[in-house]
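Every read-out reported here was derived from the displayed coordinates using simple, explicitly stated rules and does not represent laboratory data. All of these numbers come straight from a predicted model, not from anything done at the bench. Glycine gets a Cβ as well: all are built from the backbone with ideal geometry, and neighbour counts include every protein chain shown.
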Amino acid sequence: MAEFSIISRYFQSLTPQNINVGIGDDCAIITPPAQMQLVSCVDTLIAGRHFPLDTPPHAIGWKSVAVNLSDLAAMGATPHSILLALSLPDIDEAWLAEFSRGIADCCQKYGVQLIGGDTTQSPTLSISITALGWIKPDQAILRSGAQVGDVIVVSGKIGSAAYALRHPHSPLQHTLDYPEPQVALGQALLGYASAMLDISDGLAQDLGHILDDSAVGAILNLEQIPVADELAQLDLNTRMQLVLGGGDDYHLCFTISPDNLKKFKQQHAFELYSIGTIQQQQTCLYQYQQQVFHPQILGYQHFAKASD
């Protein structure tokens, strides 16, 4: 099956009618809403590195979209559309049908449209998706706005995907295969949160980006970090390795003033967990039940060497 046959059979139908020019031409053309800025991001998923080789194709399609929407959610943006670059070692029509269905299901749930892309042959399965969204000028929630005294909050249970990666076919497998980007929460936090990102490379490393970019430190209360029952049964060191260094959670981690947090909770019913506070001293102090704790953690980094 040739490239254009793949596009026509599996992806052409995913473009809705309200796009000026969509799949099938050299470029997509869309008309942005008035008084809105374009927000864009891209993520690449490679078989055997970002997902196990035996991951179902529907889950791969879903996750490849979801991880990008999570980046948009982390800035409070409204997702609009995606572009797909797909590299395949060979043509498996059953695989393509399920993969495209996974993309379509995630797009449908979050109101997103596939507007273009590219397919090519490669020794390794690789999926790159660019996501586009909108936000009002000067409204985006950045990593650099955390203030001393802010509360550190996460939007769900942490470490579940890392546990599932170590324990295939566990009850937590769905958290690894089908992450749920917190799009509605990200939008609701506009005007409330001072800094925000999504947890993709591990809570410690990702929170560290906020601390570095905001030139502040933190006190993290480890017993307040929410975990699934499967993790709660592990010894503390193993649990913290998964929670702080595991990654692939795609929950939001944000900082917010105590007053804004109180107001937000009065107006919204999102699942939120306060896990620490921002401090002036530019270090991250880990505490477990008010005792200093020294976890052995390492979030995911591309190109990192063991000696680094």
Most exposed to least, judged by fewest other Cβ atoms within 10 Å, Cys107, Cys41 sort to Cys41, Cys107
For helix 57-73, what angle does its Cα long axis make with the longest principal axis of the chain, in degrees from 0 to 90 and rounded to 10?
60 degrees
Run the helix sum for the chain: -39,500 (n - 2.57) per DSSP H stretch of 4+ residues, divided by residue count, reported at 222 nm to the nearest 500 deg cm²/dmol.
-8500 deg cm²/dmol
Could you tell me the relative contact order of the range 184-308? Use alpha-carbon pairs under 8 Å, at least six residues apart, and round to a whole percent.
44 percent
When Ile127, Ile103, Ile135 are ordered from fewest to most other Cβ atoms inside 10 Å of their Cβ, what list results?
Ile135, Ile127, Ile103
What list of ³J(HN,Hα) couplings, whole Hz, do you get for the range 181-192 from phi and the Karplus terms 6.51, -1.76, 1.60, once you set θ to phi - 60° and write x for glycine and proline?
x, 8, 5, 4, 5, x, 5, 5, 7, 4, x, 10
For the chain, the longest principal axis of the Cα atoms and the Cα long axis of helix 258-267 enclose an angle in degrees, to the nearest 10, of 50 degrees
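May I ask for the percentage of alpha-carbon pairs in the range 151-292 that lie more than 17 Å from each other?
Counting pairs separated by more than 17 Å, the tail of P(r) holds 59 percent.
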Cα-based reach from Lys109 at 27 Å (exclusive), listing lysines while leaving out same-chain residues under 8 positions away:
Lys63, Lys136, Lys157, Lys265
If amide H atoms are built 1.01 Å from N in the plane of the peptide, which residues on other chains or at least 5 residues away come under 5 Å of the amide H of Leu114?
Ile82
Degrees between helix 203-214 axis and first principal axis of the chain (Cα, 0 to 90, nearest 10):
80 degrees
When DSSP assigns beta bridges and you keep just the ones with both residues in the chain, what percent turn out antiparallel, to the nearest 5?
75 percent
Taking log10 I(q)/I(0) by the Debye sum over Cα atoms at q = 0.07, 0.08, 0.14 Å⁻¹ straight from the coordinates, which label in [x] -0.29, -0.37, -1.08; [y] -0.37, -0.47, -1.07; [z] -0.21, -0.28, -0.96 is the correct one?
[x]
Run down the aspartates and glutamates and flag those whose C-alpha is under 16 Å from the C-alpha of Lys262, throwing out any fewer than 8 positions away in its chain.
Asp150, Glu271
What list do you get for Thr283, Thr55 if you sort them by fewest beta carbons within 10 Å?
Thr283, Thr55
In whole angstrom, the spacing between the Cα centers of the range 139-209 and the range 270-294 equals 15 Å
